[in-house]
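Have a look at the structure below, then the notes.
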Ligand SMILES: Nc1ncnc2c1ncn2[C@@H]1O[C@H](COP(=O)(O)OP(=O)(O)OP(=O)(O)O)[C@@H](O)[C@H]1O
Ligand SMILES: [Mg+2]
């Protein structure tokens, strides 16, 4: 599903975010991406959705080499990937409902589908009664769950979650984890960047640890630290 | 495009405008203001061109006839020429009378023969091509000389041409300035929203999907600016026209109907097109995500 071949990423200000990343993630896997702040987790996710291009090496998603992808292919490619952004990336001029609906509008889903799917997914993340509210009127944790709702509303093949529990209390966090597990069981590949030691240690899934832009550990059924 | 999708774009555009209310209002005001400036220049320039055209009509040609030529057939022939408004026959006696009157003497040619020729006075149409007409007159039989203040007429014609060219240049320059102002105003409304554009792209929206609502917003801003400026400009010209007709009726100002008609097309096209172009240009940079 995801294949990184000797990938390096240096930003235009010469910050080296990733170096020599070799990684293969299979379809249907659930992978934790851990590592200290600034290790390169978000950069990894940006490379997967082609928000950034690798400076060296190749990123392959499915059979597609992202460096060779044409501009007009990018939107269609991105529609198959759901992303929960670390900074939520909600549209400030749209309500919660409209933000989630937007992921369906871009694929020109029917009005009927929108009216069916959006409330259902808002119910799943526990924000049913916030549908008409604007993002600025939400708490951090609520915004995070809107981002999650938008990411899963059109049932993507791949879900990238950048700190999806960063602003949530333990109970809500576990609720979200149950939801992600459920989605994973239905066949969606999930990569989740996190600092949450509790969750990683309890779940015992594959753990890829980054440090200074390099993979320092890659274990099946791993834990947060050694 | 599906009708439903277009409906969606229209809805998006109206939401975008209303939720950025103050910004939209500022943009409409600026667009209206710059269109008014464009309109004012247009009014002045078209009137100058009109004035110059009318000045041509004041020009006259004199055709001196050879002796004992029957003026009637010549008069008839010349009346048919293009650019000729009126041909009047002035006999040598009438000429003498006129001369006496203007010199303030009597019996100027009592002792000598009247040396003045019979003359045809030609009043010209403002759209005349003088050179061509003179050539045509020269080729007629029975004509001694075609007299016109050659240097004066030619200078006049050049000035009229220069006014025309200058006017078009000036309107183009003002048009470009207005384009610049409108594009930048709309860019401001978009600039505040570049993050939105990035987010839309990350969620999988195509460029056109993002562009349409922004373009409709730009057009809407253009249309609003157009309506406001046209209302003010036509009202303004109405007052100006009435004032000039009252205070200086000899100045040939263009009728309201003509000015309003031309201005309607100019302002509408500029307002709407620049609005659309402004928004499309403004978001171009942000679409590269
Ligand atoms: N757009 C950018 N331009 C320049 N440098 C950047 C950019 N984004 C990230 N970096 C740098 O790249 C490095 C890796 O950043 P990244 O955001 O991938 O870290 P992270 O692992 O997600 O950290 P955190 O856990 O704090 O979210 C950091 O040193 C950061 O300063
Ligand atoms: Mg990060």
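The values are calculated or read from the model by the stated rules, or taken from the named source; none is laboratory data. Computed from a predicted structure; not experimentally measured. Cβ placement follows ideal geometry from the backbone for every residue including glycine, while neighbour counts extend to all protein chains displayed.
Given the criteria more than 14 Å from chain B (Cβ to nearest Cβ), touching a strand residue (DSSP E or B) at 6+ places or on another chain (Cβ under 7 Å) and away from ligand 1 (no atom under 15 Å from the Cβ), does residue A:57 qualify?
Criteria met by residue A:57.
Given (1) away from ligand 1 (no atom under 16 Å from the Cβ); (2) surrounded by fewer than 21 Cβ atoms within 10 Å (Cβ to Cβ), identify the lone condition not met by residue A:100.
(2)
Could you tell me which residue of region A:136-150 is farthest from residue A:187 (Cα to Cα), considering only residues that are within 14 Å of chain B (Cβ to nearest Cβ) and touching a helix residue (DSSP H, G or I) at 6+ places or on another chain (Cβ under 8 Å)? Step through it out loud before you land on a result.
Just the residues of region A:136-150 that are within 14 Å of chain B (Cβ to nearest Cβ), to begin with: A:136-137, A:143, A:146-150.
This time we only want the ones that are touching a helix residue (DSSP H, G or I) at 6+ places or on another chain (Cβ under 8 Å), so: A:143, A:146, A:148-150.
Working: A:143: 26, A:146: 22, A:148: 17, A:149: 18, A:150: 18 Å.
My answer is A:143.
Using the structure shown, decide if residue B:69 is out of contact with any helix residue (DSSP H, G or I) (no Cβ under 6 Å at 6 or more places or on another chain), surrounded by fewer than 19 Cβ atoms within 10 Å (Cβ to Cβ) and not assigned by TED's automatic domain parsing to the domain that holds residue B:237.
Here the answer is yes, as residue B:69 does meet what is asked.
Considering every residue within region A:65-72, establish whether at least one is under 14 Å from the mean Cα position of the chain (by Cα), within 14 Å of chain B (Cβ to nearest Cβ), more than 16 Å from ligand 1 (Cβ to nearest atom) and surrounded by fewer than 21 Cβ atoms within 10 Å (Cβ to Cβ).
The answer is no; no qualifying residue exists.
In this structure, does residue A:114 turn out to be closer than 21 Å to residue A:157 by Cα, surrounded by fewer than 20 Cβ atoms within 10 Å (Cβ to Cβ) and more than 9 Å from every other protein chain (Cβ to nearest Cβ)?
Criteria met by residue A:114.
If the Cβ limit is 7 Å and pairs must be 6+ apart or interchain, which residue in region A:162-190 that is touching a residue at least 40 places away in the same chain (Cβ under 8 Å) and more than 23 Å from residue A:49 (Cα to Cα) pairs with which residue that is more than 16 Å from ligand 2 (Cβ to nearest atom) and assigned to a helix (DSSP H, G or I)?
Pairs found: A:172/A:141.
Only one of (1) in a helix (DSSP H, G or I); (2) within 25 Å of residue A:78 (Cα to Cα); (3) in contact with a strand residue (DSSP E or B) (Cβ under 8 Å, 6 or more places away or on another chain) fails for residue A:190. Which number is that?
Going through the list (1) in a helix (DSSP H, G or I); (2) within 25 Å of residue A:78 (Cα to Cα); (3) in contact with a strand residue (DSSP E or B) (Cβ under 8 Å, 6 or more places away or on another chain), residue A:190 breaks only (1).
So in region A:7-54, with the set limited to residues that are within 14 Å of chain B (Cβ to nearest Cβ) and touching a residue at least 60 places away in the same chain (Cβ under 8 Å), which one is nearest to ligand 1 (Cβ to nearest atom)? Explain how you work it out, then say what you get.
Applying the first criterion (within 14 Å of chain B (Cβ to nearest Cβ)) to region A:7-54 yields A:12, A:42, A:45-53.
Checking which are touching a residue at least 60 places away in the same chain (Cβ under 8 Å) leaves us with A:42, A:45, A:48-49.
Details: A:42: 3, A:45: 8, A:48: 12, A:49: 13 Å.
Of everything passing the filter in region A:7-54, A:42 is nearest to ligand 1 (Cβ to nearest atom).
Does region A:74-81 include one or more residues that are assigned to a strand (DSSP E or B) and either surrounded by 14 or more Cβ atoms within 10 Å (Cβ to Cβ) or more than 8 Å from every other protein chain (Cβ to nearest Cβ) (or both)?
Yes, the conditions are met somewhere in region A:74-81.
With the condition being surrounded by fewer than 16 Cβ atoms within 10 Å (Cβ to Cβ), I'd like the strands (runs of 3 or more DSSP E) fully within region A:1-51 carrying at least 2 qualifying residues.
The strands (runs of 3 or more DSSP E) meeting that bar are A:2-10, A:16-25.
Give me the helices (runs of 4 or more DSSP H) completely within region B:1-116, filtered to those with at least 1 residues that are away from chain A (no Cβ under 14 Å), ordered by residue number.
So the answer is B:21-58, B:71-79, B:92-103.
All but one of (1) under 30 Å from residue B:195 (Cα atoms); (2) surrounded by 13 or more Cβ atoms within 10 Å (Cβ to Cβ) hold for residue B:78, so report the exception by its number.
Of everything listed in (1) under 30 Å from residue B:195 (Cα atoms); (2) surrounded by 13 or more Cβ atoms within 10 Å (Cβ to Cβ), residue B:78 misses just condition (1).
Being within 16 Å of ligand 1 (Cβ to nearest atom) and outside any loop (DSSP other than H, G, I, E, B) is the filter here; which residues of region A:147-163 pass it?
A:147, A:160, A:161, A:162
Would you pick out the residues in region B:245-256 that are outside any loop (DSSP other than H, G, I, E, B) and farther than 18 Å from residue B:53 by Cα?
Of everything in region B:245-256, those that are outside any loop (DSSP other than H, G, I, E, B) and farther than 18 Å from residue B:53 by Cα turn out to be B:245, B:246, B:247.
Only one of (1) crowded, with 17+ Cβ neighbours inside 10 Å; (2) within 14 Å of chain B (Cβ to nearest Cβ); (3) within 16 Å of ligand 2 (Cβ to nearest atom) fails for residue A:87. Which number is that?
(1)
Scan region A:183-217 residue by residue and report those that are within 16 Å of ligand 1 (Cβ to nearest atom) and surrounded by fewer than 19 Cβ atoms within 10 Å (Cβ to Cβ).
Within region A:183-217, A:195, A:197, A:211, A:212, A:214, A:216, A:217 qualify.
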